[in-house]
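Here is the structure we will look at, set down as structure tokens.
The values are calculated or read from the model by the stated rules, or taken from the named source; none is laboratory data. These numbers come from a predicted model, not from an experiment. Note that we place each Cβ from the backbone using ideal geometry, even for glycine, and neighbour counts take in every protein chain shown. Areas reflect the complete protein model, heavy atoms only, side chains present, ligands, DNA and RNA absent. Shrake-Rupley method; radii C 1.70, N 1.55, O 1.52, S 1.80 Å.
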Amino acid sequence: MSLASCSSKERQAGQGIADSTVVIAMLGDANYLNPVIGASVTSSNVYGLIYPGLLQSEFDESTGLLNFLASEQSLMPRQPGIPEKMNTSSAVAKSWNMSDDNRTLTYILRDDVNWNDGTPITSRDFRFTYQLYADPLIASPRQQYLAELEGAQHGAVDFSKAIQAPDDTTLVFRFYKPVSERLALFHTSLSPLPAHIWKNVPSDVFRQSPLNQNPLGAGPYRLSEWKKQQHILLESNPDSRLPGPGTIRRIMFRIIPDYTVRLAQLQTGRVDVVENIKPEDFDGLRNAAADIDIKTTGLRVYDYVGWSNIDQDAYHRDGTVKPHPLFGSADVRRALTLAIDRQGILDGYLGEYGELSVTDISPSIKWAYHEKLEPYTYDPQEAIRLLEREGWLPGPDGIRRKDGRSFSFVLYTNAGNARRNFASVIIQQNLRSIGIDCRLDVQESNVFFKNLRLRKLDAWMAGWSIGLEIDPLDGWGSDLEKSRFNFTGYRNPRIDELCNLAKAELNPLDARPYWIEYQEILHRDQPTTFLYWIRETQGFNNRIEGEEVNILSTFYNIDDWTLNPSATVAR
Amino acid sequence: MIFYIFRRLLVAVPLIFGVLTLTFFIIRLAPGDPAAFFIQPGISPNVAEQIRQQYGLDDPIYVQYVKWLGSVLQGDFGRSFSRAQQPVIEVIAQALPITVTIALLTLVANFVLGIAIGVVSAVKQNTLLDRSLTVGALFFYSMPEFWFALMMIILFALKLQVFPASGLNEIGAEYFGPWGFFLDRVWHLVLPVTVLSINGAAGIARYVRGSMLEVIRQDYIRTARAKGLAEKTVILKHGLRNALLPVITLVGGSLPFIFSGALFIEVIFAFPGMGRVTVEAIFARDYPLIIANTFISGTLIILGNLVADVLYAVVDPRIKL
């Protein structure tokens, strides 16, 4: 086009580059290319390709459990139909052994893998890096992974006992209490840094170290260029044996903050992958110049309407817990759920890319999910009946009243979420039609979440992205000081009990009965109105082949993708 | 005049300093928390506290202020919270040239376009051409720029596919050679600069038209025509020169607007310039970066005003500074 003045040779060179580079649009730049402190999604997508891992993790779709694999051992048998190439292991560990008391985990490492500078990867790298993960001056966001190690019960991991590296290929973790094998593997397989490069970096300047911009790894890709706020270019690492050099020669993560522009770039074929496409744009993509596939992953994200279960004024005044004047009763909360046309919201916005939710245990976590619980159907008559039984009768202005208080409140949500805006308007109408006055207010995200944490809001709409290990006590625990994310102030001692019982089981499948009861209780009590699960949707240009997206990540097997040359670029 | 400039610069120092102090307290008192990102399930509750400690946010606010004052007086604006502890000066050094490029190109395009349209409008006063130019100018002048930008992207990047929608360069542009790289860069700048300058140009066109109409009616223009000079010479040499006097002063005044315009243009077109840095810093509550950005934009606005006042004196000898 306007490059007509370039010589054709130059253009061909440029074209060749495009043919061997997959371009992924990212919303924001990486912060640190360092597994110890990297915190943004872009960071972990990138350093995951650069750094080696002790184990390889896989999501087993038939059970919804995480599977862990060393090069010669796996926790569960692998699912059939795994692509052949993925059988090459990216794990540094050859095998492991969990002691009978579930308190000592011993890994045997491969002795044939090196960092990119030729230095062997040894157990000492892992031990060294875990000390960094534990360092309060470094403030790693992954400290939680060390919570079961010896010494953690007294506040600080005792590294002389907790992690030992008796020789180059043996790595021993010791826990202060019995830990299930799965959790132990999960928590001990954080990525290592090369100790010989990092050992002289003092903790207080760790985050400032230029090594963060210039990582030495061993994975399928290595950093070729990082233009801050523009792009990160990775190139296939010919020396990698973990699992091997990436198939596509270059991966470019391009930072494009605006959604409309990301979408336009996908449609014209200038970008190959865009995550989180909104359902309203699917039609546009189908008719786009570039050939685009839309892939969906599992259900990990849900929206909900939160109701404060407790009277926050009383709680903030002197710590007393009494029911909220509007939402304190489970019957009222159930009435609210019945009054909201959740299916209507789904049909209007997400369509087939959403599913009604019953509780916060995702249908993708099959081993724990309660299939028999039916989501409440839209039933305003039943809602009215429940409300009137509770004493909420229509007032002169059409708004229900009880003891002189009218059923009127503000529903808050955070700015910039089209889906929640859409839902909140329908919720407002639904509630109005049964005599409840709900006003809407949108707050800037930072402010909104701060108000949530301080339990200042009576009613709000928000969402959660769930972890793959079920651990909901932070969100429902009765000890409101400890349960930082229990914004509703919901308290039910049986829920605490069930969570602790489930956690104590060494085999997660044995915990299923507890989770079944847990879901029944949440369904009955409706501490929040669970709205819907969101199927995340990612757009892929058709020139990419072999992509397997799953609930772990869109880029789960990116090192195995291939590019079909000039399929779209030539247009 | 030198003395005047010197005095103005001297006054500017406490002014900027006051603005920075105000910003310092406002952003700290505003709701939100730089460590908020680390308060989420699965992250130990200690992390947010450790991060706050690292940033020095657990001191009382007056202690923070004194510490901040100490380092700013030594020219150290600190390190960014949200950008991997990069010194903020470095962040700005990377971002500022991009914004300045866009701003300068826009400034030039603003005035060239605006003056051209204004002169044509004035010379062809009340003709169909003048009317359509006037309506067109008002049409673009009243259009929200972000919306205009998105429309331009849809038209030129998505439908016609003649200009790129984002980024400063194509992938693999490094291999185009220096000339190809330059052209590629220009190609990427066409849409954003057009969007930014059309709005401003429309305003300037109105000024030029008004000023030109006044000048054309002056006696010396009639004299020039009577001398038998070509119409082109009359308009451009005798008319335009005089009509531009009031317009020149707009240069200084339009700088802040162009800079604030660059703010959203950079977000939409994915340019890593000052605008994006500022917006992201505010959302992340990246205090040191917000303050440094305020410093830069405050300085530019004050300098812009100074330039405007000085230009007044330069072009109009009746004004003495």
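Place a +1 charge on the Cβ of each Lys and Arg in segment A:225-362 and a -1 charge on the Cβ of each Asp and Glu, then give the dipole magnitude about the Cα centre in debye, rounded to the nearest 20.
Here segment A:225-362 has a charge dipole of around 500 debye.
Assuming R0 = 22 Å, can you tell me the calculated FRET efficiency for the pair A:Glu505 and A:Gln343, based on Cβ-Cβ distance, to the nearest 0.05?
Numbers: r = 35 Å, r/R0 = 1.61.
The formula returns an efficiency of 0.05 here.
About the Cα centre, and with charges only on the beta carbon of Lys, Arg (+1) and Asp, Glu (-1), how big is the dipole of segment A:393-499? Nearest 20 debye, please.
The calculated dipole for segment A:393-499 is roughly 380 debye.
Among B:Gly304, B:Gly70, B:Gly252, whose mean-square fluctuation peaks in a Gaussian network model of chain B (Cα, cutoff 10 Å)?
Of the options given, B:Gly70 has the highest mean-square fluctuation.
Measuring from centroid to centroid over Cα atoms, what is the spacing of segment A:467-485 and segment A:175-196 in Å?
So the separation of the two Cα centres works out to 22 Å.
Return the percentage of antiparallel bridges among DSSP beta bridges fully within segment A:390-521, rounded to the nearest 5 %. List each step's numbers first, then the result.
Values: 4 of 14 bridges.
If I count the DSSP bridges inside segment A:390-521, around 30 percent turn out antiparallel.
Any chance you could give the angle, 0 to 90 degrees and rounded to 10, that helix A:8-19 forms with the longest Cα principal axis of chain A?
60
Round to the nearest 10 and give me the degree value, 0 to 90, for the angle of helix A:418-432's Cα axis relative to the longest principal axis of chain A.
Rounded to the nearest ten degrees, it is 10.
Holding the Cα-Cα limit at 20 Å, pick out from B:Lys124/B:Lys232; A:Lys322/A:Lys402; B:Lys124/B:Lys237; A:Lys161/A:Lys503; A:Lys322/A:Lys482; A:Lys322/A:Lys503 the pairs that are longer than that.
Too far apart for the 20 Å limit: A:Lys161/A:Lys503; A:Lys322/A:Lys503.
For segment A:190-229, what class follows from the C-alpha gyration tensor (a ≥ b ≥ c being the square roots of its eigenvalues): rounded when a/c is under 1.5, otherwise prolate if a/b is larger than b/c, else oblate?
Oblate.
Carbon-plus-sulfur fraction of the accessible area of chain B, 1.4 Å probe, in percent?
Here carbon and sulfur together make up 71 percent of the probe-accessible area.
Classify segment A:456-571 as rounded, prolate or oblate from the Cα gyration tensor: take a ≥ b ≥ c as the square roots of its eigenvalues, call it rounded if a/c is under 1.5, otherwise prolate when a/b beats b/c and oblate if not.
Prolate shape, in that a/c is at least 1.5 and a/b is the bigger ratio.
How big is D for segment B:123-166, in µm² s⁻¹ as a whole number, if Stokes-Einstein is applied with the Kirkwood radius of its Cα pairs at 4 °C and 1.567 mPa s?
106
With the Cα gyration tensor of segment A:378-514 in hand, convert its eigenvalues to equivalent ellipsoid semi-axes via √(5λ) and list them largest first in whole Å. If you can, show how the numbers build up before the last one.
Numbers: eigenvalues 212, 85, 44 Å².
Semi-axes (√(5λ), whole Å): 33, 21, 15.
Comparing the chain by itself with all protein chains present, which residues of segment B:43-64 are at least 30 Å² less accessible (probe 1.4 Å)?
B:Ile43, B:Ser44, B:Pro45, B:Val47, B:Gln50, B:Gln54
Please compute P(r) over all alpha-carbon pairs of segment A:71-221, binned at 5 Å starting from zero, and give each bin as a whole-number percent.
Once binned at 5 Å, the Cα pair distances of segment A:71-221 give 2, 8, 17, 20, 20, 16, 11, 5, 1, 0.
May I ask you to order A:167-174, A:524-531 by the average number of other C-beta atoms within 10 Å around their residues, highest value first?
Top of the packing list down: A:524-531, A:167-174.
By how many nm would the segment from A:Glu388 to A:Lys322 grow when fully extended, if each residue of separation counts as 0.36 nm and the alpha-carbon distance is taken off?
21.6 nm
Per the Cauchy relation, a quarter of the hull surface: what is the mean projected area of the convex hull of the alpha carbons in segment B:46-100, in nm²?
4.7
Less than 15 Å Cβ to Cβ from A:Pro279, Lys/Arg counted +1 and Asp/Glu -1: what total charge do the surrounding residues give?
Taking every Cβ under 15 Å from that of A:Pro279, the sum is -3.
Give me the base-10 log of I(q)/I(0) for segment B:1-135 at each q in 0.09, 0.12, 0.16, 0.19 Å⁻¹, Debye formula, one uniform scatterer per Cα, rounded to two decimals.
-0.56, -0.77, -1.02, -1.22
Rounded, prolate or oblate: which fits segment A:149-274, taking a ≥ b ≥ c as square roots of the Cα gyration tensor eigenvalues, rounded meaning a/c under 1.5, else prolate when a/b beats b/c?
Judged from the Cα gyration tensor, segment A:149-274 comes out prolate (a/c at least 1.5, a/b above b/c).
Rounded to the nearest 100 Å², what's the accessible area chains B and A bury against each other, both chains counted, probe 1.4 Å?
Working: alone 18160 and 25080 Å², together 38420 Å².
Summing both sides, the interface buries roughly 4800 Å².
If you find the alpha carbon centre of segment A:307-385 and of segment A:490-556, how far apart are they in angstrom?
16
At a 1.4 Å probe, what is the % contribution of carbon and sulfur to the accessible area of segment A:331-396? Please list the in-between numbers first.
Values: 1410 of 2860 Å².
Here carbon and sulfur together make up 49 percent of the probe-accessible area.
How big is segment A:297-368 in terms of Cα radius of gyration and Dmax, in angstroms?
16.1, 47
Keeping the other protein chains in place, figure out the carbon and sulfur percent of the accessible area of segment A:41-167, with a 1.4 Å probe.
The nonpolar share, carbon plus sulfur, comes to 48 percent.
Between the helical axis of B:250-268 and the dominant principal axis of chain B, each derived from Cα atoms, what acute angle in degrees is found, rounded to the nearest 10?
That helix lies at roughly 50 degrees to the long axis.
What value in Å³ per residue do you get for the convex hull of the alpha-carbon atoms in segment A:383-453?
Values: hull volume 7.4 nm³, N = 71.
Considering the Cα atoms of segment A:383-453, their hull volume per residue is 104 Å³.
Sort largest first and round to whole Å: the equivalent ellipsoid semi-axes of segment A:227-378, each the square root of five times a Cα gyration tensor eigenvalue.
Ellipsoid half-lengths, sorted descending, are 43, 22, 18 Å.
With only Lys, Arg, Asp and Glu charged, each at its Cβ (+1 for the first two, -1 for the last two), find how big the charge dipole of segment B:140-281 is about the Cα centre; round to the nearest 20 debye.
940
For segment A:242-268 and segment B:203-251, write down the distance between their C-alpha centroids in whole Å.
53
Students often check this: by mean Cβ neighbours within 10 Å, which of A:61-69, B:215-223 ranks highest, and how do the rest follow?
Going from most to least packed, we get A:61-69, B:215-223.
What is the P(r) of chain B, as percent of Cα-Cα pairs per 10 Å bin from 0?
Going out from 0 Å in 10 Å bins, chain B shows 5, 20, 24, 23, 17, 7, 3, 1, 0 percent.
Which semi-axes, in whole Å and largest first, does the equivalent ellipsoid of chain A have when worked out from the alpha carbon gyration tensor as the square roots of 5 times its eigenvalues?
Result for chain A: semi-axes of 44, 32, 21 Å.
Just to check, using Stokes-Einstein with a Kirkwood Rh over alpha carbon pairs, what's the diffusion coefficient of segment B:170-313 at 10 °C and 1.306 mPa s in µm²/s? Before the final figure, lay out the partial values.
Values: Rh = 18.7 Å.
Stokes-Einstein gives a translational diffusion coefficient of 85 µm²/s.
Over chain A, what is the mean sequence separation of C-alpha contacts under 8 Å (at least six apart), divided by residue count, expressed as relative contact order in percent?
On the way: 1125 pairs, mean separation 101.5, N = 571.
This gives 18 percent for chain A.
For segment A:37-161, what proportion of DSSP beta bridges, expressed in % and rounded to the nearest 5, is antiparallel?
Numbers: 13 of 14 bridges.
If we restrict to bridges inside segment A:37-161, about 95 percent are antiparallel.
How much area per residue is accessible in the protein assembly as shown when the probe is 1.4 Å and only protein heavy atoms are counted (Å²)?
Numbers: 38420 Å² over 892 residues.
Value for the protein assembly as shown: 43 Å² per residue.
Taking each residue in A:28-35, count the Cβ atoms of any other chain within 10 Å of its Cβ, then average. What number comes out?
Mean inter-chain Cβ contacts per residue within 10 Å come to 3.
If you count, for each residue, the other Cβ atoms within 10 Å and average over each peptide, how do A:224-235, B:257-268, A:276-287 line up from highest to lowest?
Descending packing order for the listed peptides: B:257-268, A:224-235, A:276-287.
Of all DSSP beta bridges in the protein assembly as shown, what percent run antiparallel (nearest 5)?
80
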